[in-house]
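Just so you know, all these numbers are worked out from the coordinates, no wet-lab data involved. The model shown is predicted, which means the values in this text are computed figures rather than measured ones. Note that each Cβ is placed from the backbone with ideal geometry, even for glycine, and that neighbours are counted across all protein chains shown.
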Amino acid sequence: MEDTGAPGDLNANMRCQSTGDPQLDKAVHQWLTWDRNPWTRAQVDSLVAAGRLDDLRSRLCNSLSFGTAGLRAPMGAGFNRINDLTVIQSTQGLYSYLCRCFAELSSRGVVVGFDTRGQEESGCSSQR
């Protein structure tokens, strides 16, 4: 598609075909704009091309929630899956929370660990 939209127009630079659902199209566009992992981007492109709207809605119209065991979800593309983007967003949220709760955070520091199991097959590439 050509870029004919005004700056900030969610329909500008749409890389994929419309799903016919404006809310889902917005979520697909947001995902493709924010996600930098070619593997998970390709998953979303493939789901759109195949017309798998229920799967897209499940992945893109819901968010992960942090529970007593942390973040738990299948690895893959979408705002309710574990992937590079949701790990980055969760880390940013945790950092923001810690900054509000601990005035001396910058002098104390934070240690973040990560689990690399399954990353190769999943396409996830998050590193320290």
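Under a point spin-label approximation (7 Å from Cα along Cα-to-Cβ), what is the residue 101-residue 87 distance to one decimal in nm?
Rounded to a tenth, the inter-label distance reads 2.2 nm.
Taking the simple approach of a point 7 Å from Cα along Cα-to-Cβ for both residue 39 and residue 54, what is their distance in nm?
2.7
Of the listed peptides 77-83, 96-102, what is their order by residue-averaged count of other C-beta atoms within 10 Å, with the highest listed first?
Highest to lowest by the protection proxy: 77-83, 96-102.
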